[in-house]
Amino acid sequence: MSAGSRVLRIEVRVTPRGGRDSIDGVRDGQLLVRVAAAPADGAANEAVLRLIAEAAGVPRRAARLVAGAKARHKLVVVEGADKAALIARWPDLGV
């Protein structure tokens, strides 16, 4: 890992059945994520993890859900992500 890489904890606010998969910015330090999938059988959670891993430039296996599996507010841990790059993209992100 480079000096800017580490394990990051990202708070996420999810809108399931949001019509599309996208990251809509940051509010109150939380990443706002919208996914088309319904919150059934873990489909929405999987879509959230895939989006966050892609945005962080890491493989999907590097992102995991550690809290909020059945809630709109979630805590995601991303391994190997470049914190500086994420802060540059979303300055208000609380990582």
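Every number in this text was worked out from the coordinates using simple rules, so none of it is lab data. Predicted model only: the values in this text are computed from it and were never measured. Glycine also receives a Cβ, built like all others from the backbone with ideal geometry; neighbour counts cover every protein chain displayed.
Results, tabulated for the structure shown:
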{"item": "Approximate spin-label separation A88-S22, in nm, with each point projected 7 Å along Cα-to-Cβ", "result": "2.4"}
{"item": "Loop trypsin sites (Lys or Arg not before Pro), the chain, which have at most 14 other Cβ atoms in a 10 Å radius of their Cβ (DSSP)", "result": "R17, R20, K70, R72"}
{"item": "Dimensionless Rg ratio for the chain, taking C-alpha atoms and the 2.2 N^0.38 Å reference", "result": "0.99"}
{"item": "J(HN,Hα) series, the range 18-30, from Karplus relation 6.51 cos²θ - 1.76 cosθ + 1.60, nearest Hz, glycine and proline x", "result": "x, x, 7, 9, 7, 9, 9, x, 10, 9, 6, x, 9"}
{"item": "Karplus (6.51, -1.76, 1.60) ³J(HN,Hα), θ = phi - 60°, over the range 60-70, in Hz, Gly and Pro reported as x", "result": "4, 5, 7, 10, 9, 8, 10, 7, x, 4, 10"}
{"item": "Other-chain or far-sequence residues with amide H under 5 Å of L31's (modelled H)", "result": "E11, V12, R13"}
